[in-house]
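Shown next, in structure tokens, is the structure this report addresses.
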Amino acid sequence: MSRRALAGPPQNTNRFAMHDVLSRTKPISADTRIRITARDVNVFYGATQAIRTISMDIPDCAVTAFIGPSGCGKSTFLRCFNRMNDTIEGARVEGRIEIDGEDIYTPDLDVVELRARIGMVFQKPNPFPKSIFDNVAYGPRIHGLVRTRGETEEVVERSLQRAGLWKEVKDRLHEPGTGLSGGQQQRLCIARAIAVGPEVILMDEPCSALDPIATAVIEELIDELRTNYTIVLVTHSMQQAARVSQKTAFFHLGKLIEYGDTEQVFTRPAERQTEDYISGKIG
Amino acid sequence: MAEIDKSGQSAMIDQADERRHIIRQGLGRRRRNEAIFRSLGLAAALSAFGFVVVLFGNIVASGLPAFWQVNIETEVTFDPEVVNIEERPVLQPGQSVAEYRREDLAWQRRVSLANWNALIEAAIRQHAPDSDVDTRSILSIVDPNARFVLRDMVIENPGIVGETVPIRLLGSANADNWIKGTIDRSLPDHRQQLSPEARALADALHEEGVMRMRFASHLFTNVDSRVAPASAGLAGAFMGSLYMMLIVIVLAVPIGVASAIYLEEFAPQNRLTDLIEVNINNLAAVPSIVFGLLGAAVFINVFGLPLSAPLAGGLVLTLMTLPTIIIATRSSLRAVPPSLRQAALGLGASHTQMVFHHVLPVTYPGILTASILGVAQALGETAPLLLIGMNAFVANIPTSPLDQSTALPVQIFLWQGNENRNFFEPRTFATIIVLLGLMLSLNALAIYLRSRFEKRK
């Protein structure tokens, strides 16, 4: 797949330009491997049900976008994949989620190992209050992936390069990561996540706290990362979903309304609700 | 149509004007309320500041004079007639060390029996204008401890006998009162502490410059004394407080911080932990004297720890400090943003790694503040110490936490009840100054450490 979604500046996009944007994304080939399968997933927060019986297959080496109005459960569903919902008091997950055919909710699975395989980037850039170097080196260090100083430096440089941040920070690796700009911080968080060598990267509205230019940089990065990783992206911006994703899932009130190739969802939505949301009638 | 439009427009303009008018009226009221509230706040802050200034000013003004005390600078002749002692025994060949020690002690005892007061009397009499002042009056202006000062000089250096050496002796507490004017000079004779002759002598010596104010360094090196109040010092109480502080730091800080971390980060939410939580919160509200009673009942009666010892006191204060440290540490742990926890967990850090690598480092300043608050509170506590016997009169500097001792706040309590009020009131304030100084330096240390931790972040 040599095709690249050209991440244009988001401020230039509007619904009328959607076709234009989509014309650059083609549906992924049918023989793509399925990485994550979810079957009949229900999530409860105490007595309230946040996710209602969702089943979904997420392909490898592609970006899958979750869209939907606020409170529709897209972030909750995303957090099922690395069991971050476990950390929330009173949260309960039912159903079956498999990654590469392996059930991640079996009692004998170690969450720590799972999270080493599945990186996560959060809505607000959250670098550790440590140096840039230590931020990236932390994951490999705790998982014992690096043994020597030289190896650590190599991993840090490679990760920062992949995240497109190396040139900007190579001379100040030992300054605090919190001193970077918002967009740089988010790329640092992405570098930190890929330093562990995950198979899947979950991104929970990674650009919502960033300005359009920083957003464009991150979107381009997401598109590059797609060649090696399975990426699941929660976004509020339909333009972003259209620009960077190959598959799009539309959530509403805890239900999966529609799931398909991004081009199809945006141009020929099968469901009335999807169309209403995309055209701005609900949301 | 156009007509209606126009009238509609002017009506809208009228409405807008009216709205602006209402807002402007309301604005005046809001601004007034704001000004009233701000001036009230300012007044509150100023009055609080004023109280602090008055309090500290009073303490410092009352306490500072006690740091200077009347001294008598004269020359003492170690008259061989009076100090009639033989050579100090030396270790003979063939003599056992124990035997030698026994002989040496016997010699020291004989030295003590010499009439040292006669030397002091002679030394002062040479400055006395009228020579028929009685011995009692002369000795009443000198600290009773002076004779031991002379004795120790001879024991230290027996060769001094027969020589005349310059010496500085402490004036007695009553002489100090008289010279400083802390006793009313117009009081009739029967209400004065010194005889008329002694008062006249003190005035004369003061005029001559023999009696003068000197910095009372013995306040920091001597222990409490009943017979010689002028030479009483704080060293015992200071060491007692220091030992207790060490015990509190060594026990309460690690236990408190560890239990706060456990309760906040690891403990499951169930009946038992709820019960523990409620109890810890309640412990913080228990009056300190109850802890003293508990200490007496448990540490002294059950565990048989020595009475009046800093060890027992330190344990009681540890119990008392624990809830403070636990509560404050927990609240600083709770203030760590969830995003930081998520970042660590999302990377695959285990719960323990998250706590120790990321949460704790950002809470160091808070934990430090909590610990200092707790320790400072313990340092100033008096009531529980009274119940475990730390208000006993102890005339030794404790050399270990198992020795009997008192503490600074207890020393304040003891001195403020002393019958020689004129002399001990300023000293009480002086002790308060020392205690406050200790606390302030503790706080300064905390602030210094805190800023270092924050810089590292």
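The values are calculated or read from the model by the stated rules, or taken from the named source; none is laboratory data. Quantities reported herein were computed from a predicted structural model and do not represent experimental measurements. Note: ideal-geometry Cβ built from the backbone for every residue, glycine included; neighbour counts use all protein chains shown. For the accessible areas, the whole protein counts, side chains as well, though only heavy atoms, and no ligand, DNA or RNA atoms are used. Shrake-Rupley method; radii C 1.70, N 1.55, O 1.52, S 1.80 Å.
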DSSP beta bridges in the protein assembly as shown [antiparallel fraction, %, rounded to 5]: 70
Shielded by partner chains, segment B:343-368 residues - at least 50 Å² of accessible area, 1.4 Å probe, vs chain alone: B:A343, B:L345, B:G346, B:L347, B:G348, B:H358
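So how strong a dipole does the protein assembly as shown carry about its Cα centre when Lys and Arg Cβ are +1 and Asp and Glu Cβ are -1, to the nearest 20 debye?
Values: 72 positive and 77 negative charges, 513 e Å.
For this selection, approximately 2460 debye.
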Tilt relative to chain B, helix B:271-283 - C-alpha long axis, 0 to 90 degrees, to 10: 50
Where GluC sites (Glu not before Pro) fall in DSSP loop in segment A:67-128, at most 11 other Cβ within 10 Å: A:E89
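Keeping the other protein chains in place, figure out the carbon and sulfur percent of the accessible area of chain A, with a 1.4 Å probe.
Carbon and sulfur atoms account for 48 percent of the accessible area of chain A.
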Per residue accessible area of segment B:2-64, 1.4 Å probe, in Å²: 89
Carbon/sulfur fraction of accessible area - segment B:235-456, other protein chains in place, 1.4 Å, %: 67
Entries of A:K130/B:K455; A:K74/A:K255; A:K124/A:K167; A:K170/B:K455; A:K74/A:K130 with Cα pairs more than 21 Å apart: A:K124/A:K167; A:K170/B:K455; A:K74/A:K130
Gaussian network model of chain A, springs between alpha carbon atoms under 10 Å - residue of A:N228, A:N42, A:N82 with greatest fluctuation: A:N228
Calculated FRET efficiency for the pair B:V286/B:Q108, C-beta based, R₀ 45 Å, to 0.05: 0.30
Within chain B: Cβ-based charge dipole about Cα centre, in debye rounded to nearest 20 (Lys, Arg +1; Asp, Glu -1): 2360
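With every protein chain present, what is the per residue accessible area of segment B:67-226 (1.4 Å probe, Å²)?
Per-residue accessible area for segment B:67-226 comes out at 55 Å².
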Binned Cα-Cα distances of the protein assembly as shown, short to long, each 10 Å bin given as a whole percent: 2, 10, 14, 13, 12, 12, 10, 8, 7, 5, 4, 1, 0, 0
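Just from its helices, what would the mean residue ellipticity at 222 nm be for the protein assembly as shown, if runs of 4 or more DSSP H residues each count -39500 (n - 2.57) and the sum is divided by every residue, rounded to the nearest 500 deg cm²/dmol?
-16000 deg cm²/dmol
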Normalised alpha carbon radius of gyration of segment B:20-131 [divisor 2.2 N^0.38 Å]: 2.78
Environment charge of A:K167, counting only residues whose C-beta is closer than 13 Å and scoring Lys/Arg +1, Asp/Glu -1: +1
Nearest-10 value in Å² for the accessible area of B:L64, using the 1.4 Å probe: 80
Residues of segment A:79-128 buried by at least 30 Å² on assembly (accessible area, 1.4 Å probe, chain alone as reference): A:M84, A:V112, A:R115, A:F122, A:N126, A:F128
DSSP-assigned coil residues among trypsin sites (Lys or Arg not before Pro) in segment B:208-309, each with at most 13 further Cβ atoms within 10 Å: B:R226
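Under a point-charge model restricted to the Cβ atoms of Lys and Arg (+1) and Asp and Glu (-1), what is the dipole moment magnitude of segment A:37-134 relative to its Cα centre, in debye to the nearest 20?
Numbers: 11 positive and 14 negative charges, 112 e Å.
Taking the Cα centre of segment A:37-134 as origin, the dipole is about 540 debye.
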Of A:T248, A:T106, A:T235, the one that fluctuates the most in a GNM where chain A has Cα springs shorter than 10 Å: A:T106
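For B:W107, B:W68, what's the largest-to-smallest order of accessible area, 1.4 Å probe?
Ranked from most to least accessible, the order is B:W68, B:W107.
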Mean shadow area of chain A, taken as a quarter of the surface of its Cα convex hull (nm²): 14.9
Largest to smallest accessible area among B:I36, A:I36, B:I397 [probe 1.4 Å]: B:I36, B:I397, A:I36
Rounded tilt (10° steps) of B:146-156 against the dominant C-alpha axis of chain B: 70
